[in-house]
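This report refers to the structure that appears directly beneath it.
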Amino acid sequence: MMTNRRHVTRRRFTAPRYAPIRTDPRRSERPRVPSKKALVRRPSPRLAEGLVTHIEREKVDHDLAVEQWDAYVEALGAHGWETLEVDPADDCPDSVFVEDTVVVFRNVALITRPGAESRRAETAGVEEAVARLGCSVNWVWEPGTLDGGDVLKIGDTIYVGRGGRTNAAGVQQLRAAFEPLGARVVPVPVSKVLHLKSAVTALPDGTVVGHIPMTDVPSLFPRFLPVPEESGAHVVLLGGDKLLMAASAPKTAELLADLSHDPVVVDIGEFEKLEGCVTCLSVRLRELYA
């Protein structure tokens, strides 16, 4: 979905590279309020060098990828999301997949330690961004590895994919960070795709959607709706019944529309060549302290 640029609120963080990260001990006393902020990061000039694990490498058109990224960001803005542009990480080919660098629950941001060593430099700019939004900042430490794409939050339940990029120590550290805040952490095996959210995401009512051939154990989820396309398993909740989806899943969009949802379709084909999907191109922040 294309929208007029004047409707899009987009800001860029330009914090000093080595600014100290501080947290406010009084923050836990502040009320959480609904928010619609999304962190995004412009594609690196080296995007075509991004990692591929479960698919064959295809040629990536960088100029087309930038156009698709702009349309994705505009779609968020057109549906009430304030997009906050994290400083580019031009030397990191995969840096556009900003979701992998941080997991936020309530007002606590857990800076990840990506399972691919080449991606670990991506976290610095995101750490600065969430700190300036008022989040308390924690970190995943060695030997833990955790990719944000392996984390699916449904209410207070956090499903964590345990697979190629996220290890047991990473799951343990996520549990230590979020269970004291009321989260219930559920590990999920992931072997057929890159991340948990490459296999499943969730609808507004908490029903998990997934493509059966890509899902290891669908029975782990209390409510599961199979969809006919792999990319149909990827939805971003925009608010109400609106779902941001990839143009590569028309049958799933039709299915979800028949179930009274309102698909908002964007073409992200160049990112799909790198195992990307609509979820990993942003970090949605839905509850921040007032």
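Within the stretch 48-57, the set of residues being open to solvent by 50 Å² or more (accessible area, probe 1.4 Å) and closer than 24 Å to VAL235 by Cβ comprises LEU51, THR53, HIS54, ILE55.
Can you find even one residue in the stretch 115-126 that is more than 26 Å from VAL171 (Cα to Cα) and among the hydroxyl-bearing types (Ser, Thr, Tyr)? No: the stretch 115-126 contains no residue that is more than 26 Å from VAL171 (Cα to Cα) and among the hydroxyl-bearing types (Ser, Thr, Tyr).
For the stretch 70-82, indicate whether the set of residues that are assigned to a loop (DSSP other than H, G, I, E, B), under 15 Å from PHE271 (Cβ atoms), at pLDDT 95 or above and over 17 Å from the mean Cα position of the chain (by Cα) is non-empty. No, the stretch 70-82 contains no residue that is assigned to a loop (DSSP other than H, G, I, E, B), under 15 Å from PHE271 (Cβ atoms), at pLDDT 95 or above and over 17 Å from the mean Cα position of the chain (by Cα). Only one of the numbered conditions (1) open to solvent by 40 Å² or more (accessible area, probe 1.4 Å); (2) modelled with pLDDT of 95 or more; (3) in a helix (DSSP H, G or I); (4) not acidic (Asp, Glu) is violated by SER28, and that is (2). Counting the residues of the stretch 102-121 that are in contact (Cβ under 8 Å) with a residue 60 or more places away in the chain and assigned to a helix (DSSP H, G or I) gives 2.
Checking each residue in the stretch 140-175 for being open to solvent by 20 Å² or more (accessible area, probe 1.4 Å), in a strand (DSSP E or B) and within 21 Å of VAL235 (Cβ to Cβ) picks out LYS153, ILE154, THR157.
Of the residues screened, GLY170 is not one that is free of Cβ contacts under 8 Å to residues at least 24 places away in the same chain and over 20 Å from ALA38 (Cα atoms). Determine, yes or no, whether ARG132 is touching a residue at least 24 places away in the same chain (Cβ under 8 Å) and open to solvent by 20 Å² or more (accessible area, probe 1.4 Å). Answer is yes for this residue. If I filter the stretch 64-76 down to residues being of a type outside the set (Val, Ile, Thr) and open to solvent by less than 10 Å² (accessible area, probe 1.4 Å), which single residue comes out as nearest to ILE154 (Cα to Cα)? Applying the filter and picking the extreme gives LEU76.
If you go through the stretch 176-187 and keep only what is in contact with a helix residue (DSSP H, G or I) (Cβ under 7 Å, 6 or more places away or on another chain) and open to solvent by less than 20 Å² (accessible area, probe 1.4 Å), you end up with just VAL185.
The values are calculated or read from the model by the stated rules, or taken from the named source; none is laboratory data. Predicted model only: the values in this text are computed from it and were never measured. As a convention, Cβ positions derive from the backbone with ideal geometry for all residues, glycine included, and neighbour counts pool all protein chains shown. Accessible surface is based on the protein model in full, side chains and every heavy atom, while ligands, DNA and RNA are left aside. Shrake-Rupley method; radii C 1.70, N 1.55, O 1.52, S 1.80 Å.
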